[in-house]
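Encoded as structure tokens, the structure appears first; notes follow it.
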Amino acid sequence: MRLRVLLLLVAWVFFAASAHAQLSPQVEKLKIAADEAMDNLRYAEALDGYTKAYAVSHDARFLYNMGRALGALGQYPEAVGQLERFRMDAPADLKSRVPQLEQLITDFKHHVSTLTIKCNVAGGRVLVREKAVGQTPLGELKLNAGPAVVEVDADEYAPQRQQVTLPENNTIELVFDLVKASPLGVLVVRSSPPATSVLVDGKGLGGTPLETSLMAGPHALLLARDGYRDLATSAIVERGRTRELDLRLEKTPSVLSRWWFWTIVGVVIAGGVVTAIAATTERPADMGTIPPYQVRGP
């Protein structure tokens with residue numbers, strides 16, 4: 001194994017330094033920068049440089065270098081694809097300088113799995129490891145081997161998932177039998193503190209926490225609790241799915257916490273004692289009762 005790694009490293013150094021064909025200054029600049037990135041383990045940067053160099057020059061050596069960069073990134077199906085293109089396009093003298101090419105392709109293929117999917121619904125979206133990879137029916141898709149969640153999702157159908165292990169250097173076939181989804185979705189509402197009243201589209205459904213089934217689409221909500229401001233919001237419920245809301249209610253400011261002053265509106269004389277009566281009625285923010293009629297908050 002260590003000998004194989006050494007041979008691959010030797011081949012890499014060769015193609016990094018080889019002057020197999022005269023390159024234009026633009027391509028040479030791209031190549032030098034990509035070689036430096038590869039030497040410093042910046043594989044994504046190296047791949048970008050080799051890809052751009054190949055697009056301009058169509059020099060087959062860049063196919064090999066792209067395959068090596070992809071392999072270093074763990075993108076084995078793409079790496080195999082580029083190395084097989086190199087095997088097909090490169091002239092014989094160039095291929096002869098990579099005697100371990102077939103072994104390298106074989107090694108990379110051990111990390112590749114082939115997935116096919118059959119489904120009773122055509123046009124369903126296929127996701128593997130949360131990434132969209134095609135539509136049903138799906139035939140011979142090359143992917144990295146290993147654990148994966150495969151999901152098929154189609155309009156008006158409940159999504160289905162399968163947890164599988166994609167086999168190394170082998171093919172796996174999955175079958176999905178989708179069923180029609182309910183036209184309803186589920187809305188879950190929680191609040192802090194709990195609301196004592198929740199209106200959904202004007203209909204009272206109790207307090208929070210609340211879980212209810214609703215037709216798919218937008219819905220208006222109004223949450224209420226004594227001592228707290230009413231909270232109006234909305235939620236979009238999707239067919240066959242659950243929509244969860246976590247909300248926070250704000251306290252209603254008390255009279256004593258308001259910024260304006262209480263104002264003396266009258267005097268009552270009882271038993272020789274003068275008593276001032278304070279009004280808690282809000283006045284306009286810029287008007288007082290004592291000249292010059294301007295009262296400012298602290």
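Would the range 112-176 count as rounded, prolate or oblate if I go by the C-alpha gyration tensor, calling it rounded below 1.5 in a/c and otherwise prolate when a/b exceeds b/c, oblate otherwise? It comes out prolate by the Cα gyration axes. Could you tell me which of Leu63, Tyr50, Ile32 has its Cα farthest along the dipole of the range 17-123 towards the positive end, charges placed at Cβ (Lys, Arg +1; Asp, Glu -1), taken about the Cα centre? Positive-end residue among those listed: Leu63.
Local charge for Gly217 was computed over the other residues whose Cβ lies under 13 Å away, with Lys and Arg +1 and Asp and Glu -1, and equals +1.
Under the convention that each Lys and Arg Cβ holds +1 and each Asp and Glu Cβ holds -1, the size of the dipole of the range 112-176 around its Cα centre is about 120 debye.
Given the C-alpha atoms of the range 34-150, compute the convex hull and give its volume per residue in Å³.
On the way: hull volume 14.8 nm³, N = 117.
So the per-residue hull volume is 126 Å³.
For Lys95, the aspartates and glutamates whose Cα comes closer than 17 Å to its Cα, not counting residues fewer than 8 places off in the same chain, are Asp59, Glu84.
Computed on the range 90-234, the Cα convex hull volume stands at 185 Å³ per residue.
Laboratory data are not the source of any read-out in this text; all were calculated from the coordinates shown. Computed from a predicted structure; not experimentally measured. Here Cβ is always computed from backbone atoms with ideal geometry, including for glycine, and neighbour counts include all displayed protein chains.
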